[in-house]
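In what follows, a structure is listed as structure tokens, so that the remarks can point back to it.
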Amino acid sequence: MARTQHTCGGPKFGRLTAGCPRCDELLAGAEPVRFGTRDDDRPKTTQHTHQVVFGRRVAGCPRCAELDAGAEPVRWAPSRREQDERRAQEIRDHFRSPNSPHARGVCGPVCTFGDW
């Protein structure tokens, strides 16, 4: 579900600006965005019933039982190693693939791929 965006420079924590579409919605009674909500298709997970200690499972906790049964753990962001591997693969693809921009000569006189 897409939400209307603020055009007044963003939320000002309770101060609403006339003429901003999102502020007008809030003035009309729209529900404010709750911290930690997400609008994507990631599956929602069962909550732990205890204080989480990473790697330790607690008997009787439904989320721990799911994890023991093979459920994927929640991943907030790719690890540094995964980012580095993905970047290395992009570079290999750029230089080795027969249909890559580098092989076709579209890069220009000096290839600057990967210099950012």
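The values are calculated or read from the model by the stated rules, or taken from the named source; none is laboratory data. Bear in mind that the values here come from a model prediction, so they are computed numbers and not experimental data. Reconstructed Cβ throughout: ideal geometry from the backbone, glycine too, with neighbour counts over all protein chains shown. To get the accessible areas, we keep the full protein, side chains included, count just its heavy atoms, and leave off ligands, DNA and RNA. Shrake-Rupley method; radii C 1.70, N 1.55, O 1.52, S 1.80 Å.
With respect to the conditions (1) at pLDDT 85 or above; (2) surrounded by 10 or more Cβ atoms within 10 Å (Cβ to Cβ), Lys12 falls short on a single one, namely (1).
Counting the residues of region 18-56 that are open to solvent by less than 80 Å² (accessible area, probe 1.4 Å) and at pLDDT 80 or above gives 17.
Quick grid of which residues meet (1) open to solvent by less than 90 Å² (accessible area, probe 1.4 Å); (2) part of a helix (DSSP H, G or I); (3) in contact with a Lys or Arg (Cβ under 8 Å, 6 or more places away or on another chain):
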residue: Ala77; (1), (2), (3): yes, no, no
residue: Glu82; (1), (2), (3): yes, yes, no
residue: Glu85; (1), (2), (3): no, yes, no
residue: Asp93; (1), (2), (3): yes, yes, no
residue: Pro98; (1), (2), (3): no, no, no
residue: Phe113; (1), (2), (3): yes, no, no
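Taking Ala59 as the residue in question, decide whether it is modelled with pLDDT under 85, among the aliphatic types (A, V, I, L, M) and part of a loop (DSSP other than H, G, I, E, B). Answer is no for this residue.
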